[in-house]
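Student: Have a look at this one before I ask anything.
The values are calculated or read from the model by the stated rules, or taken from the named source; none is laboratory data. Just so it is clear, the structure is predicted and the values come from calculations on it, not from any experiment. Methodologically, a virtual Cβ is constructed for each residue, glycine included, from the backbone with ideal geometry; neighbour enumeration extends over all protein chains shown. The protein model used for the area step is the full one, side chains on, heavy atoms only, and it has no ligands, DNA or RNA in it. Shrake-Rupley method; radii C 1.70, N 1.55, O 1.52, S 1.80 Å.
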Amino acid sequence: MLLSSSLEQKDKELIESQLKLYASRYESEGLPALIKEVEAGHKESLYVRVAGPENNTLFQNVPLDWGDFDPKQLETMPVKGDWQWSHVLGAVEQEELIPDPDRLEVLSATLPDGARLQVGKTTEARKEVLEYFQQTSALVLVAVLAIGLAGGALLAHRSLRPVRELTGAIRSVRETGKLTARVPTRQTGDELDELAGQFNVLLETIESLVNRMRSALDNIAHELRTPMTRLRGSAEMALRSNPDPQAYRQALTDCLEEAEQALTMLNALMDVAEAEAGAMKLEMEEVELSALIGSAVGLYEHVAEEKGVAIEITLPERIVLRADQRRLRQAVANLLDNAVKYTPAGGRIEIGAHPEPQGIQILVKDTGIGIPAEELPNIWDRLYRGEAGRSQRGLGLGLSLVRAVVQAHKGSVEAHSEPGQGSQFVIHLPVASTG
Ligand code: ADP
């Protein structure tokens with residue numbers, strides 16, 4: 001539309017300027033000079049007509065290829081005003097109703113001597129330019145559309161690749177039941193890459209949890225089998241032997257001990273579960289710490305001695321606090337149990353307690369194998385066993401129970417360790433009264 005109106009404007013400007021030129025020629029030098037001017041200039045493209053006051057044609061220039069138009073129409077056209085735009089249709093266009101027919105656009109002017117000057121131009125050339133432009137634009141548009149569509153499809157295909165890979169990984173996990181699948185990441189830092197990275201982290205976490213659960217189940221089965229096998233062995237032996245109340249009594253005592261061991265382990269499992277759910281019930285009473293530590297050490301003295309590990313107790317003063325005696329002893333005993341387990345012959349274990357500004361501190365220190373830095377954050381997790389732990393008896397419940405008990409007392413516990421040098425566990429309990 002813009003091009004069409006600008007072309008039309010240009011044509012009208014040309015007609016106007018030529019009309020002015022011819023008019024001034026006519027006025028100053030007469031008709032022959034005007035005819036000369038026409039023949040020298042726009043003879044081929046402009047229609048020019050000079051008519052007398054009666055509208056009788058004095059001169060007419062009709063370009064050769066204007067067969068369609070009948071200039072007679074112009075002769076009969078009524079004269080209105082000095083300057084007047086009008087148009088004439090070609091013979092064919094007059095008969096057929098074409099939406100935008102070719103026209104002869106004519107500007108007429110009445111000159112001072114009453115003569116009439118008409119200059120005109122067809123719209124045909126303009127239409128040709130427009131049609132050519134339309135065809136070219138349509139071609140360019142189709143090409144641009146095709147390139148755009150192909151490019152868009154390619155881009156969409158490429159940018160959705162991470163989503164396809166993610167779907168593939170999910171499908172693989174679902175179909176194989178294995179959590180080893182990973183989505184490749186490109187380090188582009190975009191949202192999809194971030195999603196793939198997070199998905200991989202999620203898979204890793206689930207995989208390690210499932211592995212831990214599996215090995216915990218194996219451990220539980222293994223740990224339960226020993227007391228159960230011994231229990232069955234004692235009962236079988238007693239039944240096979242000659243009836244003897246004394247032997248029966250001994251067998252029953254053995255059975256009881258084995259059942260006790262299995263029960264202790266199951267209780268520990270349930271205790272940790274209960275404590276982690278925040279439901280551990282404490283039976284608070286006045287506890288004398290040196291007695292509590294003494295009785296815990298008493299449990300491991302023998303084992304430590306047999307192993308060649310020394311236990312030293314440092315208790316500078318009598319400390320009394322309100323706590324759940326049984327649970328707290330269990331926590332201290334678990335720390336001692338680990339210290340003995342993970343300290344080779346010739347090592348030393350130090351256990352002590354002393355007041356600190358916010359309460360009291362219980363410390364268990366050993367010169368054992370230590371804990372690698374990467375394992376340290378996990379040792380408190382339920383059923384977690386370090387690399388070293390795997391070669392020892394145990395379920396990975398000891399430290400989770402320690403933490404659960406201490407947290408139930410509103411305290412905290414921390415571990416420091418240097419592989420090859422030893423480990424140190426410190427329990428901080430907030431409520432304490434010394435006396
Ligand atoms: P476990 O039954 O394996 O001893 P714990 O919960 O008591 O379970 O301890 C978790 C892990 O922490 C152990 O498997 C071991 O690797 C590490 N650990 C705990 N105490 C010590 C220690 N005193 N010295 C070295 N490693 C320790």
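Student: Would you please name the residue that is modelled with the highest pLDDT, looking only at residues in segment 380-402 that are part of a helix (DSSP H, G or I) and farther than 17 Å from I362 by Cβ?
Tutor: S400
Student: When segment 365-379 is examined, which residues are found to be in a loop (DSSP other than H, G, I, E, B), open to solvent by less than 50 Å² (accessible area, probe 1.4 Å) and touching a residue at least 24 places away in the same chain (Cβ under 8 Å)?
Tutor: Passing the criteria: G368, G370, I371, P372, I379.
Student: Looking at segment 295-310 only, could you name the residues that are on the phi < 0 side of the Ramachandran plot and either surrounded by 20 or more Cβ atoms within 10 Å (Cβ to Cβ) or in contact (Cβ under 8 Å) with a residue 12 or more places away in the chain (or both)?
Tutor: Within segment 295-310, S295, A296, V297, L299, Y300, V303, A304, K307, V309, A310 meet the criteria.
Student: Ok, one more. In the set R171, R158, which member is surrounded by 11 or more Cβ atoms within 10 Å (Cβ to Cβ) and not acidic (D, E)?
Tutor: None of the others qualify; the one that does is R171.
Student: Right, next: Determine whether V405 is more than 10 Å from the ligand (Cβ to nearest atom), of a type in the set (V, I, T), in a helix (DSSP H, G or I) and in contact with a helix residue (DSSP H, G or I) (Cβ under 7 Å, 6 or more places away or on another chain).
Tutor: yes
Student: Same structure, new question: Could you list, in sequence order, the residues of segment 337-364 that are more than 9 Å from the ligand (Cβ to nearest atom) and open to solvent by 20 Å² or more (accessible area, probe 1.4 Å)?
Tutor: P344, A345, G346, R348, E350, H354, P355, E356, P357, Q358, Q361, L363
Student: Just the residues that are open to solvent by less than 20 Å² (accessible area, probe 1.4 Å) and either under 40 Å from the mean Cα position of the chain (by Cα) or at pLDDT 95 or above (or both), please, taken from segment 403-414.
Tutor: Passing the criteria: A404, V405, V406, G411.
Student: Here's something else I'd like to know. Among the residues in segment 188-201, are any over 16 Å from V163 (Cα atoms) and either modelled with pLDDT of 90 or more or among the polar types (S, T, N, Q) (or both)?
Tutor: Looking through segment 188-201, at least one residue is over 16 Å from V163 (Cα atoms) and either modelled with pLDDT of 90 or more or among the polar types (S, T, N, Q) (or both).
Student: Look at segment 32-61 and say how many of its residues are open to solvent by less than 40 Å² (accessible area, probe 1.4 Å), in contact with a strand residue (DSSP E or B) (Cβ under 7 Å, 6 or more places away or on another chain) and not in a strand (DSSP E or B).
Tutor: 5
Student: Also: Which ones in segment 237-271 are more than 28 Å from Q407 (Cα to Cα) and either in contact with an Asp or Glu (Cβ under 6 Å, 6 or more places away or on another chain) or open to solvent by less than 80 Å² (accessible area, probe 1.4 Å) (or both)?
Tutor: Residues satisfying the conditions are A238, S241, D244, A247, A251, T253, D254, C255, E258, A259.
Student: Can A143 be described as over 28 Å from L64 (Cβ atoms) and surrounded by fewer than 12 Cβ atoms within 10 Å (Cβ to Cβ)?
Tutor: Criteria met by A143.
Student: Separate question: Name the residue, out of Q330, Q424, that is open to solvent by 30 Å² or more (accessible area, probe 1.4 Å), within 11 Å of the ligand (Cβ to nearest atom), touching an Asp or Glu at 6+ places or on another chain (Cβ under 9 Å) and modelled with pLDDT of 90 or more.
Tutor: Of the residues listed, the single one that is open to solvent by 30 Å² or more (accessible area, probe 1.4 Å), within 11 Å of the ligand (Cβ to nearest atom), touching an Asp or Glu at 6+ places or on another chain (Cβ under 9 Å) and modelled with pLDDT of 90 or more is Q424.
Student: Let me ask something additional. Given the criteria more than 12 Å from the ligand (Cβ to nearest atom), open to solvent by 70 Å² or more (accessible area, probe 1.4 Å) and either among the small types (G, A, S) or not in a helix (DSSP H, G or I) (or both), does I313 qualify?
Tutor: yes
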